[in-house]
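Structure first, commentary second.
The values are calculated or read from the model by the stated rules, or taken from the named source; none is laboratory data. These numbers come from a predicted model, not from an experiment. Heads up, the Cβs are rebuilt from the backbone with ideal geometry, glycines too, and the neighbour counts pull from every protein chain shown. For accessibility, only protein heavy atoms count, side chains too; no ligands or nucleic acids. Shrake-Rupley method; radii C 1.70, N 1.55, O 1.52, S 1.80 Å.
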Amino acid sequence: MNCELLATCNALGYLEGDHYHKEPDCLESIKDLIRFLRHEDETRAIRQQLGAAQIVQNDLLPIIAQYPQEKMLYETVIRLLVNLTQPALLCFGKVPTSPTSRHHFLQVVSYLQGYKEAFANEKVFVVLSEKLYDLLQLDWEQRQEEDNLLIERILLLVRNVLHVPADLEEEKNIDDDASVHDKVLWAMHMSGMDDLIKFLAASQEEQQWAMHILEIISLVFRNQDPEQLATSGQAKSQQEKDNESRELEILKQRELAAKKKRTFERGTRHSRFGGTYLIEGLKSIANRDVVCHMGVHKLKNYSHDCGKVIRKVPKRKQAAIDVESKRRSALNVRFFLKEFCVDFLESCYNRLMYVVKDNLIREKAQQHDETYYLWAMPFFMKFNRMYRFRPELVSETVSIRAFHFVERNVTNYYELMLIDKTEANSWSRRMHLALKAYQELLSTINEMDHSKDKNLRESARVIKSNIFYVMEFRELFLTLFRKFDATKQPKLFLKDLVETTHLFIRMIEKFCKGKNNLFVQRKKLKRRQHKSKQLEPATPEKSQEELEEIWKATLEQLGRCAEGQECLPEDLVPFDAASEIPVEEQRAEAMIRIQGAMLAGKAAEALGLLRAAREVWPEGDVFGSSDLLLEEETELLRQVLFANLPRQPTVEVEESEEFRDEEIEEEETESVRVSESEFNFLDYLKRFANAAVMNSYVLLLKDYRQNNAHTNHCIVKMLYRIAYDLKMDALLYQLSVFHLFSHILEDPAASAYQELVKFSRYVLNRFFILAANNSKAFVELLFWKNIATIREMTEGYRKDEESVTNKRAPTWSSDEEQELETLYLKFKNEDGDKDVIDHIMEHLKNETRTRKQIAAKLVQLNLVNSIKDVKRVKKGTKIVLWREEQEMELETLFVKFRGSDDVLGNIMRNITHKRSRAKIVDKLISMGLISNRKEIYKKKKRKKSESQGEEEDFLNDVGYDPNRGLVEEDELDENDSSADERGEQNTKSRPRYATKGHIQTTGEKEPDPAIPALCCKLKQQGLTGPLLWLQNCLNRMADKREDDGTLIAVPLVPLSEENEDAMEHEVFQKLLKKVGIRPPADEQETFWRISANLSAVQLRKIASVITLQDDGYEGGVAEEGDGSVSAGHKSEALRAFVMARERQASTVKAGEGKPKENARSAFESVSGSDSDTKSDSEKTRHKHFLKRCRVFDSDDEVDAAVEDTPEVEAMEDSEPNSEASDSKLTHRVMKRLRRAIDDDGDDLD
């Protein structure tokens, strides 16, 4: 031992009898030991020296037992004990492979086993329990950080002690005998530590220790069987007695058979043929009779392999070893554990499992902590099922969410086992835990299904219907069977897999029995077919005469429907609910279906579709109003029939040919299509009829002697389903299977395996019946077979001409081979876009040769090593890194085509360095230009509805240009124009408002013209507050995008209840869509998002349009039925604005107040509050005009409109605060408004 380490250990103190005398510097010595352990090497020499000195047994445990009142010393000793008792696997990281490192590893494990035996002391656990109890008595306000740290260290110390593996060679205990682990558990029980563990598991305030508690519980019940614990203290059931009697009978029969065999081998007298002799008919290597040197009685077991050295199986091909072991503890320990399980289920299980799963989902736990959850689920659920079945005690883990969680972990472990080859055994053990959890979930559901309680049976039926519906739950067993690897997965895993599959198939068979309408989910990977550019010919258009004939037949059918002679179908759905296209966008498809039904002569179906579509899409009366008569519906059907509706072509090619090869490898070329279909049990059973699954079953059947009766039953039942129910017994015609059947039939204890014997005879009889007609059946025994081979064996083999039709390899003459070799040597070093095979195909005389044939021939001639050497180099796939200039080009193209319908297509056509679609999309996302792939998908053009057209006409009447938004009138020259010139300008056919360039010169997309009308409607319904909130959000987002320059989709989060209600309002949602705020794209998004395509300028324009609706008037759009607004109303409104401006100008000149607020007050006094000077009719007429046809709604908008002109901008730059500028600005506004009044007056004349 190291001298410093030895001196430090001696400075701790000494043990005299049962009393420990500590030295004065004991605390400092313990801190030195902690310091030594912190700096130990990778051989863990310090840890080994301390273990050899037995410092834990002789010093540390006596210190904490006799000096618990010294807080600092106690906490330091606990800290050192946690370090010394930590698992060896944590010290070394993994099990070492080198002999030296493995020796150190095993040495540390042996010292840990000595520590565990020392902890089997009631006094030690009493001290730990009392300290833990005192700490838990403190409230959260009184508990310090050091207290929480000490609680965690005590729990870790208990975990470390329980984690130490048992020394089987040293203990050599049998069942019902107390092991070291049992002694530690008994010490915990006597000290009350188990009660504290249950308190921590049940307490809501101590949830932070949930993962530690679950790990301790899993170690407490290590190697325990829940079924044995549940039946402890009870009399043996009749089934257990029968199983024991059966096992004894099997052993007795085998012993009698072995004794009888030895009797026949010895004989009553000495054999005359005890020497050397020849065996006729059995040839040796020299092709002569074998010379045998054994007795005649051993001739039956003679083999050429006798005496040979058995070849060692490579480590990578050795079968996986079962590391799981079960043992029966002492009776008093089992009673204590049983009581613990009962209390834990009643008060702790549901709460603890909920907290642990929440930590796992939120990733608050450490790596692989889900294994403790997957262990606890089957253990306690099985105990509950075997003790007194009460489903409410395990309700937290009996749900669809639990099935999904377990299935997801099984799939994840399965994939990691295939990927991570070095840790495949660890992933296999974790997958085994998840599989047992899945098995116990099914067993619990099956137990609920057989309950006497009707509510439990109904709950089980609901859960089963959901399980059987989802495809992943059904396909899980097939996947595990097909990928079973005996070198990585032990026999116990295969046993549990067979039993779980048997239970699942039995449950689904019972569920389907007597039901003809069980529909299940199916998922199919759909790949995009890249065909040639030539489109298939569309359906030929009908001529006018043909349509007339069809209409006559349609009228006759409609007449019969009206008379009641023919019924209308009632289950018609005009839209496809499974389609990716939203229901609102499927109106055109519904119209085409109506037309197609009439063209097919199904008038009743067409009428039913029309009425169904009217209920789905009532807006706009596209399919007629709800009160249409039959005659009006007939006329509508005639219009649909004679209409030239656009139909989609059969094949649509959107991408250019140069990108097709790249797209095949991208994820965008694949999509999972989910559909529903009626479940067929036999079709599902046929999925198990393949060689991989049968091989796994036969592998487990070889251990039929070690298997229990239930496992053998599960195996035989599946083989019986395949052989008898599906009539595929030929799948078992394999030599290894028949060899196994021979062992079963010759087994002395065959009477105990009646089910196996009966099935073996059935298969053998079927084979010999087939062999009588097919002499090649004996050769087929050498191979595992597929479905096609089975059909050939039973129905007859095909002829050679039939089997090789269109599959014979093309022949090459010697001249063609010479030509191919010459062309390859000529073009193999050629550079350019074409590869060597492209050049060969251009110059080869035989033009019928395909690329695949040429590549195969090159390999055959040894010109290339593999077909991969001549594989076509795909364009753009070698470009991996993005240069700075390429990123700038991509960003420029994105900004350029951002407003187009096909952003991605335009970028791909114009980018210099060609890349695949997925790489361009990923780069756009990484650059922050888009946040979702859907933002740059090709937009489908939608036909405007009639309501939208009416809104646009109305907005055009009030002066709103759909292309540019609200604009002003043409600028006047500085010199006044004559009245004749004004009249001439009024009579010209020109736009009423300014042309492009006066106000909008940036080319930005203008706000939607329907926004004002929607704002008016919302204000009428009392949603002024949400409108102001939306306007503020848009303005803030514009400021933010101007500051940082980033364009990302930002969620619109309503915080007040009023705004939340508005977000669910139908009209408000329409306004959001018009503004450019998109709804949640998928289930992962919750809030509406401000699109990243909206720049700061566009956001401010949209906010200004909403501002126009917020100020200046009350109310919304006019009621339906009103006529156009008269020119007199316009003139009167403009005069009101002139008066407001004049008052503003006079106020500005008189004082130094705020012109904008004064103007607003002046305008309000004219338009709304001057009730003494206006009559009620005038105010009503004025207000009615403001609803329908406003030029400006408030003085703020007048200011905004005026400030947009170049002259006003120049004035603001020169003299922003001068009174002369305000006066001149007001003069120009008055001048323009007076001219507008005169123009309206001329219109009246």
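Among the residues that make up region 879-886, is at least one of them at pLDDT 80 or above, touching a Ser or Thr at 6+ places or on another chain (Cβ under 8 Å) and either of a type outside the set (A, V, I, L, M, F, W, C) or surrounded by 10 or more Cβ atoms within 10 Å (Cβ to Cβ) (or both)? Yes; the residues of region 879-886 include at least one that is at pLDDT 80 or above, touching a Ser or Thr at 6+ places or on another chain (Cβ under 8 Å) and either of a type outside the set (A, V, I, L, M, F, W, C) or surrounded by 10 or more Cβ atoms within 10 Å (Cβ to Cβ) (or both).
Gln107 meets the conditions (1) in contact with a helix residue (DSSP H, G or I) (Cβ under 7 Å, 6 or more places away or on another chain); (2) open to solvent by 50 Å² or more (accessible area, probe 1.4 Å); (3) at pLDDT below 90; (4) not basic (Lys, Arg) in every case but one. The failed one is (3).
Taking only region 887-915 into account, find how many residues are at pLDDT below 80 and among the small types (Gly, Ala, Ser). Going through region 887-915 one residue at a time, the tally reaches 1.
In a helix (DSSP H, G or I) and either at pLDDT below 75 or touching a strand residue (DSSP E or B) at 6+ places or on another chain (Cβ under 7 Å) (or both): does that describe Glu655?
Values: in a helix (DSSP H, G or I): no; either at pLDDT below 75 or touching a strand residue (DSSP E or B) at 6+ places or on another chain (Cβ under 7 Å) (or both): yes.
It is false that Glu655 is in a helix (DSSP H, G or I) and either at pLDDT below 75 or touching a strand residue (DSSP E or B) at 6+ places or on another chain (Cβ under 7 Å) (or both).
Taken together, the residues in region 408-423 that are open to solvent by 20 Å² or more (accessible area, probe 1.4 Å) and farther than 23 Å from Arg222 by Cβ amount to 11. Listed conditions (1) within 25 Å of His163 (Cβ to Cβ); (2) open to solvent by 60 Å² or more (accessible area, probe 1.4 Å) are all met by Val77, apart from (2).
Filtered by the rule that a residue be among the hydroxyl-bearing types (Ser, Thr, Tyr), farther than 27 Å from Ser245 by Cβ and open to solvent by 10 Å² or more (accessible area, probe 1.4 Å), region 697-738 gives Tyr724, Ser736.
Being open to solvent by less than 50 Å² (accessible area, probe 1.4 Å), under 22 Å from Ser399 (Cβ atoms) and touching a helix residue (DSSP H, G or I) at 6+ places or on another chain (Cβ under 9 Å): is that true of Phe473 here?
On the way: open to solvent by less than 50 Å² (accessible area, probe 1.4 Å): yes; under 22 Å from Ser399 (Cβ atoms): yes; touching a helix residue (DSSP H, G or I) at 6+ places or on another chain (Cβ under 9 Å): yes.
Considered against the rule, which asks whether it is open to solvent by less than 50 Å² (accessible area, probe 1.4 Å), under 22 Å from Ser399 (Cβ atoms) and touching a helix residue (DSSP H, G or I) at 6+ places or on another chain (Cβ under 9 Å), Phe473 comes out as yes.
Considering every residue within region 219-227, establish whether at least one is assigned to a helix (DSSP H, G or I), open to solvent by 90 Å² or more (accessible area, probe 1.4 Å) and of a type in the set (Asp, Glu). It would help to see each step written out before you state the result.
Residues of region 219-227 that are assigned to a helix (DSSP H, G or I), as a first pass: 219-220, 226-227.
Among the residues that remain, those that are also open to solvent by 90 Å² or more (accessible area, probe 1.4 Å) are: none.
Within region 219-227, not a single residue is assigned to a helix (DSSP H, G or I), open to solvent by 90 Å² or more (accessible area, probe 1.4 Å) and of a type in the set (Asp, Glu).
Yes/no matrix, rows are residues, columns are (1) modelled with pLDDT under 80; (2) touching a Leu at 6+ places or on another chain (Cβ under 7 Å); (3) closer than 11 Å to Ala603 by Cα; (4) part of a loop (DSSP other than H, G, I, E, B):
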{"site": "His530", "(1), (2), (3), (4)": "yes, no, no, yes"}
{"site": "Glu536", "(1), (2), (3), (4)": "yes, no, no, yes"}
{"site": "Glu545", "(1), (2), (3), (4)": "yes, no, no, no"}
{"site": "Trp551", "(1), (2), (3), (4)": "no, yes, yes, no"}
{"site": "Ala562", "(1), (2), (3), (4)": "yes, yes, no, no"}
{"site": "Gln565", "(1), (2), (3), (4)": "yes, no, no, yes"}
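When the residues of region 669-685 are filtered to those that are surrounded by 15 or more Cβ atoms within 10 Å (Cβ to Cβ) and not in a loop (DSSP other than H, G, I, E, B), which remaining residue is modelled with the lowest pLDDT? The selected residue is Thr669. Of all the criteria given as (1) part of a helix (DSSP H, G or I); (2) under 30 Å from Ala771 (Cα atoms); (3) at pLDDT 85 or above, the one not satisfied by Lys785 is (1). For region 922-932, the tally of residues that are in contact (Cβ under 8 Å) with a residue 40 or more places away in the chain and not polar (S, T, N, Q) stands at 5. Residues that are open to solvent by 80 Å² or more (accessible area, probe 1.4 Å) and over 49 Å from the mean Cα position of the chain (by Cα) within region 751-771 comprise Asn765, Phe768, Ile769, listed in sequence order.
Annotation for region 119-132: no member residue is among the hydrophobic types (A, V, I, L, M, F, W, C), on the phi < 0 side of the Ramachandran plot, open to solvent by 40 Å² or more (accessible area, probe 1.4 Å) and free of Cβ contacts under 8 Å to residues at least 24 places away in the same chain.
When Ala52 is tested against (1) open to solvent by 50 Å² or more (accessible area, probe 1.4 Å); (2) over 21 Å from Asn2 (Cβ atoms); (3) among the small types (Gly, Ala, Ser), exactly one condition is not met: (2). Residue count for region 159-180 satisfying the condition of being touching a residue at least 60 places away in the same chain (Cβ under 8 Å) and either within 14 Å of Ala120 (Cα to Cα) or in contact with a helix residue (DSSP H, G or I) (Cβ under 6 Å, 6 or more places away or on another chain) (or both): 9.
Give region 182-207 a look and list any residue that's without any contact (Cβ under 8 Å) to a residue 60 or more places away in the chain and open to solvent by 20 Å² or more (accessible area, probe 1.4 Å), or say none.
Within region 182-207, Asp195 is the sole residue that qualifies.
When Gln69 is tested against (1) in contact (Cβ under 8 Å) with a residue 12 or more places away in the chain; (2) under 27 Å from Ser129 (Cα atoms); (3) not charged (D, E, K, R), exactly one condition is not met: (1).
Do you know which residues across region 1047-1059 are free of Cβ contacts under 8 Å to residues at least 40 places away in the same chain and under 29 Å from the mean Cα position of the chain (by Cα)? Steps first, please.
Applying the first criterion (free of Cβ contacts under 8 Å to residues at least 40 places away in the same chain) to region 1047-1059 yields 1051-1059.
Those that are free of Cβ contacts under 8 Å to residues at least 40 places away in the same chain and under 29 Å from the mean Cα position of the chain (by Cα): Pro1051, Leu1052, Val1053, Pro1054.
With the condition kept exactly as written, say whether any residue in region 378-386 is surrounded by 14 or more Cβ atoms within 10 Å (Cβ to Cβ), in contact with a helix residue (DSSP H, G or I) (Cβ under 7 Å, 6 or more places away or on another chain), more than 25 Å from Thr444 (Cβ to Cβ) and not aliphatic (A, V, I, L, M). Working first, answer last.
Residues of region 378-386 surrounded by 14 or more Cβ atoms within 10 Å (Cβ to Cβ): 378-386.
Cutting the leftovers down to in contact with a helix residue (DSSP H, G or I) (Cβ under 7 Å, 6 or more places away or on another chain) gives us 378-386.
Narrowing further to those that are more than 25 Å from Thr444 (Cβ to Cβ): none.
Scanning region 378-386, I find no residue that is surrounded by 14 or more Cβ atoms within 10 Å (Cβ to Cβ), in contact with a helix residue (DSSP H, G or I) (Cβ under 7 Å, 6 or more places away or on another chain), more than 25 Å from Thr444 (Cβ to Cβ) and not aliphatic (A, V, I, L, M), so the answer is no.
Among the residues making up region 385-397, those that are free of Cβ contacts under 8 Å to residues at least 60 places away in the same chain and more than 27 Å from the chain's Cα centre (by Cα) are Arg388, Arg390, Glu392, Leu393.
Note on region 1067-1106: residues that are assigned to a loop (DSSP other than H, G, I, E, B) and over 32 Å from the mean Cα position of the chain (by Cα) total 1.
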